[in-house]
Amino acid sequence: MLYNTSETLPVAGEPSGEWRMFMSDDIHSESTIKKLSLLCIAVTVGFSLLAIAGWMTNFLIITRISNKYIPMAPSTAMSFILLSSALFFHARLPLSNFGKIISRINVFLSLLMNSIIAGNFFGLTGFDIENLFVPEPERFGEVLIGRMSPITASLFLLSGLALLLMLFASSKNRERVRNLSGELAVAVVLIGFIVLIGYLYGSPLLYGGKVIPVALTTGIAFVFFGLGIIFSQGSACWPTKLFIGSSVYSRMMRAFLPFVLVIIMLGHLLENIFLSRVTSHTLLSSLVAILSLIIASFLISKISRVIGREIDIAETRRREAEEVLIESEKKYRRLFQEFNTLLDAIPDTLVLQNPDLKIIWANRGAAEGLGIEVSDIEGKHCYELWHKRSIPCAKCPVLMSFQTGNIENLENVSPDGRKWDLRAFPVKDEKGKVVNILEIARDITEHRKLENQLRQAQKMEAIGNLTGGIAHDFNNILTAIIGYSEILASKTRGDEQLSNYVEQIFKSSKRAADLIQSLLAFSRKQLTDSRPLNINDSVKGMEKFLRRVIGEDIELNLTLADKNLIVMADSGQMEQVLMNLVTNARDAMPKGGVLTISTNIKELDEKFKKTYGYGNTGRYASISVTDTGVGMDRETIGKVFEPFFTTKEVGKGTGLGLSMAYGIIKKHNGYINCYSEPGKETRFSIYLPLTESKVEKTEAAEKTVSVFGKETVLVAEDDSGVRGFVKSILEEYGYKVIEAVDGNDAIKKFIENKDKIDFLVLDVVMPNKNGKEAYEEIRKIKSDIKALFTSGYTADIIYNKGFVEEGFNFISKPVLPTELLKKLREILDSGTV
């Protein structure tokens, strides 16, 4: 993405190879320390077993390193085996109960035996336990062999005490007791080492003098046994922790440890040069060696401590700096990942381009839009990938931004017809020079389509609101004109000229009424009587009528689905939609052609929704009306459903046929779209949701109803013209009429004439009280009074008032006199209120 994350960043402060070797802390492993302890135990037991084997076979050479030295006594070997077995069990932690018991018994036996031997040497006891091992000891010079040295017994007592402290240490004081045990073990190692120096320099005083001396093998065994005790304590106890650990002091102690031997050897060399002629040379040499050892150990410890402290301080600072650096690196990586995630989460196309218009990086949205990987985009040109060109586009916002140094914005259309909003943002260096351009491309195809749909919907809504606003007053005016025209026609039947004038007035008024109904249908404010309707039956029922409409020079083909297509629809409005589409198709084929009406079941899916920008998924009844006429271009198709838009000559169309069809289909929760190619064909497709309801059976033809009457009718109408027309027509057909100008007046007139009034004609919307409120008040006086409601308002207002839902008798304006009389008579003659 933005940066190459495949390279591993170096860890800050990583030590060099030489320093790691010098300061190695691999020895810190507890398992390694335990192995060292077991190795020391094995060496000790090995010397002891060799001694026992030599005494048992009388082959004493294997009990000592040289014939010049005395052998290890059997009692010494047994003591080593007892203590070594106890140390072995301890080193194999965790101890079982059996192991603890065996270890403690062995230590106690060793302490007891060595106490007896030491006491016997000093004349404190008369029991010589060593006779059990060597009854008749031989002499080696002036010294008895086969007998333990008192120094050896003392060292065993120190070793046994160190083991007891280890075995009986509690969890509370374990560390302190183990440190004390370690100090005793160090004493054992040092004394054993002094014995070795005595043998090395030939100084008997250091390994026994005139008393029974300590055997050389015994001294070696004590050094290893003491080290075994020290190692068995682990790395956390003294003195192991001085050499084992990750501190600089410990690592320097390990590094400088070999220099102790170097200093001893150097001291030995100087002693040979300067003290070779001095009396008691061997004693002095051994003392010099011991002194060299002590001085070397002291100096190394001090130097290591001082240098280590300084290095520790520097190391601490380095580690702190390293931690800060590591934390910064983690923060950088986290921010980097979050930033990349943010870029990939943006669905738009984001690319960074250099001055050669090569893509340096791209986000996942760019790759997904092309259906390739991000790696396939980087290094290529934008115009190659998106525009399928070999050279930059004529109006390239990236080039413009490189030239101007400003943010550039442009809309473009890709070869696949999709619309893009392109924005170029310059990336400048510290001198203000544009070095790269960040281009953001957003696919606005759907956005523009929705904008157009919204614009169209707003336009249609505005026309609908205008139509709904004037419909009431316009319908009232037309009611009066149509009504009085019919009355006038009945009065002028003998005068042909006057009758012709009246007929023209009536036809013009009827056209105006039809125009209002078309506008109301378009704005979906027309009342709808939706019932289960079989689309196939509806088309078949109109076939003969449609053939007369299109004429003989146009061939009509019906291709209907083999299954019933049941929808919830107003049959009259569906016939009106089909009639308008067929009429348009006929006018598009002035020289004749083929008109095909087909029905089918259509499954609307997400693809349909994506293509047209609307629609709910599901099963729909499909109705297609296809002609082979002149066709339409893309611009015309975009306007076909707009009110008053027509391609016909002036006077041959109102431009409301398709807009009315659009409104009716939308009101039925359906969809209508148009496909056309100039000079080839035009196809209108309608989609109505299918239903599982069954089609109701058609009732028998209605009987002829007399329109005359003698009842008294209360007419409540706020429009005087309409009120006068209703009064005139009712009185002409025998009815008596009482007029009211609003709801309150209607209630008042009814109270005054409640015994005379048989029927109510109420306008829905009136001042003071509306028709419904007036009717409810009158029913409190006379519950069985019948009423007919009229209104010139649109369907949405009538629904809001609740008349249709409550089953009231209703007739819309403009109303013909015959329709009014027929409806009134039907209600009066019915048995229900």
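The values are calculated or read from the model by the stated rules, or taken from the named source; none is laboratory data. What you see is a predicted model; the values in this text were computed from it and never measured. For neighbour counting, all protein chains shown are included, and Cβ atoms are generated from backbone atoms with ideal geometry for every residue, glycine included. Calculation scope for accessible area: heavy atoms of the full protein, side chains included, ligands and nucleic acids excluded. Shrake-Rupley method; radii C 1.70, N 1.55, O 1.52, S 1.80 Å.
Some observations on this one:
- Single residue of PHE80, PHE98 found to be surrounded by 14 or more Cβ atoms within 10 Å (Cβ to Cβ), at negative phi and either in a helix (DSSP H, G or I) or under 60 Å from the mean Cα position of the chain (by Cα) (or both): PHE80
- Options ILE244, ILE229: the member that is in contact with a helix residue (DSSP H, G or I) (Cβ under 6 Å, 6 or more places away or on another chain), at pLDDT below 85 and under 21 Å from ALA42 (Cβ atoms): ILE244
- Restricting the search to helices (runs of 4 or more DSSP H) fully inside segment 748-833 and requiring at least 2 residues that are modelled with pLDDT under 85, among the hydrophobic types (A, V, I, L, M, F, W, C) and in contact with a Leu (Cβ under 9 Å, 6 or more places away or on another chain) gives 795-801.
- Any hit, segment 168-180, residues being more than 60 Å from the chain's Cα centre (by Cα), assigned by the TED database to the domain that holds MET78 and more than 22 Å from ALA77 (Cβ to Cβ): yes
- Matching residues in segment 706-732 - criterion: being of a type in the set (A, V, I, L, M) and either over 18 Å from GLU486 (Cβ atoms) or open to solvent by 50 Å² or more (accessible area, probe 1.4 Å) (or both): VAL713, LEU714, ALA716
- Test: residue in segment 166-175 that is modelled with pLDDT of 75 or more, closer than 18 Å to LEU82 by Cα and touching an Asp or Glu at 6+ places or on another chain (Cβ under 6 Å): no
- Only a single item in (1) open to solvent by 20 Å² or more (accessible area, probe 1.4 Å); (2) in a helix (DSSP H, G or I) is not met by LYS563, and it is number (2).
- Subset of segment 771-789 (residues that are basic (Lys, Arg) and either free of Cβ contacts under 8 Å to residues at least 40 places away in the same chain or open to solvent by 60 Å² or more (accessible area, probe 1.4 Å) (or both)): LYS772, ARG779, LYS780, LYS782
- Residues in segment 811-829 that are in contact (Cβ under 8 Å) with a residue 24 or more places away in the chain, in contact with a strand residue (DSSP E or B) (Cβ under 9 Å, 6 or more places away or on another chain) and open to solvent by 40 Å² or more (accessible area, probe 1.4 Å): SER812, LYS823.
- Taking every residue in segment 437-456 that is in the same structural domain as VAL427 (by the TED database) and surrounded by 15 or more Cβ atoms within 10 Å (Cβ to Cβ) and pairing it with any residue that is assigned to a strand (DSSP E or B) and among the small types (Gly, Ala, Ser), at least 6 positions away or on another chain, the pairs with Cβ-Cβ distances below 9 Å are ILE437/ALA424; LEU438/ALA424; GLU439/ALA424; ILE440/ALA424.
- Subset of segment 400-434 (residues that are within 16 Å of LEU350 (Cα to Cα), open to solvent by 40 Å² or more (accessible area, probe 1.4 Å) and modelled with pLDDT of 85 or more): ILE407, ASN409, ARG423, PHE425, VAL427
- For GLU14, the conditions (1) of a type in the set (D, E, K, R); (2) modelled with pLDDT of 50 or more; (3) not in a helix (DSSP H, G or I) are fulfilled apart from (2).
- Boolean, TRP420 is in contact with a Gly (Cβ under 9 Å, 6 or more places away or on another chain), among the hydrophobic types (A, V, I, L, M, F, W, C), in the same structural domain as ASP443 (by the TED database) and closer than 30 Å to LEU450 by Cα: no
- Test: residue in segment 116-136 that is surrounded by fewer than 21 Cβ atoms within 10 Å (Cβ to Cβ), of a type in the set (A, V, I, L, M), closer than 18 Å to PRO74 by Cβ and touching a residue at least 40 places away in the same chain (Cβ under 8 Å): yes
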